Amino acid sequence: MSRRYDSRTTIFSPEGRLYQVEYAMEAIGNAGSAIGILSKDGVVLIGEKKVTSKLLQTSTSTEKMYKIDDHVACAVAGIMSDANILINTARVQAQRYTYAYQEPMPVEQLVQSLCDTKQGYTQFGGLRPFGVSFLFAGWDKNYGFQLYMSDPSGNYSGWKAAAIGANNQAAQSMLKQDYKDEITREEAVQLALKVLSKTMDSTSLTSEKLELAEVFLTPSGNVKYQVCSPDSVSKLLLKFGVTQPAAETS
Amino acid sequence: MQIFEYNGSALVAMVGKNCFAIASDRRLGVQLQTIATDFQRISKIHDRLFFGLSGLATDAQTLYQRLVFRHKLYQLREERDMKPETFANLVSAILYEKRFGPYFCQPVIAGLGDEDKPFICTMDSIGAKELAKDFVVAGTASESLYGACESMFKEDMEPEELFETVSQALLSSVDRDCLSGWGGHVYVVTPTEVKERILKGRMD
């Protein structure tokens, strides 16, 4: 019966729902998961790479993590082509702010600005919403390190730890149990790896299936966004005892 | 009142052996009055690319900010720094966009390209590029700079000798120009390091 309210984004259903937005969130629920954790001295983002094939041309580009500006990065879950458009929009918005005010754009303002764009696609134009959820990690001088999660409806909020993509509810409840307020960046990495390994569908966890990035302050006081190399990810997996070698599965 | 001579400036870039030097004066004036003696005319785009702007200071600042905007987006999308040749083309295109209401600046671009080959170029205020193998000059002291560089320049100078040559050329030229001076600011860039030095000349 509710099918007749599906096809246009600009209509509410009788129950007060926007079906297109909900269907967009369904699409994200099938995509590779991503987890973000806020710590005292940085923000950790970790993503599960869904597309792994020997034939894939490995390049230095990342699949899940993207730099928006020197002080903000994001992890994506959902339709990659939609994500590319939004990431480009976010990058241009950040540069426009810097051009006007000659200082980095505050993280929340950047998230809000991008979410305003996403909201537009749920209210007018007759175009479908973007099928992407984001986890934004950044630092600014007003509020320090921050983590934000946004979804296709254009809603966003700040989180201490959040998960998007496949099995995000399981990941979120695990994070709720294990997260402590005064967690350090290293502990956050460990927690993220642990939670991801438990909620990932695949049987073995290797550095090829993961992307790990951190936003932190260098000793000289500059914000740095660093993606861990596959080698360091492997080392971390071994160190925290999280890796499950493929041979063990039956 | 000449718009290009409103603030006063002197810029020079010179090629050495696997290195380059880019230098500017430090005076910012409003016609005959000196406003600042520590004005930065040369900015770093990335570790191997420096960009100096002579002419009207407000246009120089705005143009620089626009180029940072474009370069930042390029870096994010291409995941690498812009080559000097590419950057020069970008500056030229941006200047030509304002063909009938131009920025009153003359840029000097200096960088290390592929295989650490030094690249320098200048252009006029509407983007006509001038590539040179030896040196490029810009600013109110440009005529003196042309003469000084032409006589002092030698090919394949090492960084230390290049620094001396650029400094002498700059200081002697700005001394003959009332609108530029108050010391010098020299960057000598090699593939491994960037040496920034302040010169003290006739402080007028």
Got at least one residue in segment B:135-142 being part of a helix (DSSP H, G or I), more than 14 Å from chain A (Cβ to nearest Cβ) and more than 18 Å from B:C19 (Cβ to Cβ)? yes
Inside segment A:27-43, can you point out the residues that are part of a strand (DSSP E or B) and more than 13 Å from A:Q146 (Cβ to Cβ)? A:A34, A:I35
For segment A:49-142, please list each of the strands (runs of 3 or more DSSP E) lying entirely inside it that holds at least 2 residues being open to solvent by 10 Å² or more (accessible area, probe 1.4 Å) and within 14 Å of another protein chain (Cβ to nearest Cβ). A:65-69
From the option list A:G158, A:G165, single residue qualifying as open to solvent by less than 10 Å² (accessible area, probe 1.4 Å) and either among the hydrophobic types (A, V, I, L, M, F, W, C) or touching a strand residue (DSSP E or B) at 6+ places or on another chain (Cβ under 9 Å) (or both) is A:G165
Enumeration of residues in segment A:203-221 that are open to solvent by 40 Å² or more (accessible area, probe 1.4 Å) and without any contact (Cβ under 8 Å) to a residue 24 or more places away in the chain: A:P219, A:S220, A:G221
Across segment B:8-34, which residue is farthest from B:V108 (Cα to Cα) among those that are open to solvent by 30 Å² or more (accessible area, probe 1.4 Å) and part of a loop (DSSP other than H, G, I, E, B)? B:L32
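Would you check if B:E155 is open to solvent by 50 Å² or more (accessible area, probe 1.4 Å), in a helix (DSSP H, G or I) and among the charged types (D, E, K, R)?
Judged against the criteria, B:E155 is not a match.
The values are calculated or read from the model by the stated rules, or taken from the named source; none is laboratory data. In this text the structure is predicted, and so the values were computed from the model without any measurement. Here the Cβ is made from the backbone with ideal geometry for all residues, glycine too, and neighbour counts use every protein chain on show. These area figures cover heavy atoms from the full protein model, side chains too; ligands, DNA and RNA do not enter into them. Shrake-Rupley method; radii C 1.70, N 1.55, O 1.52, S 1.80 Å.
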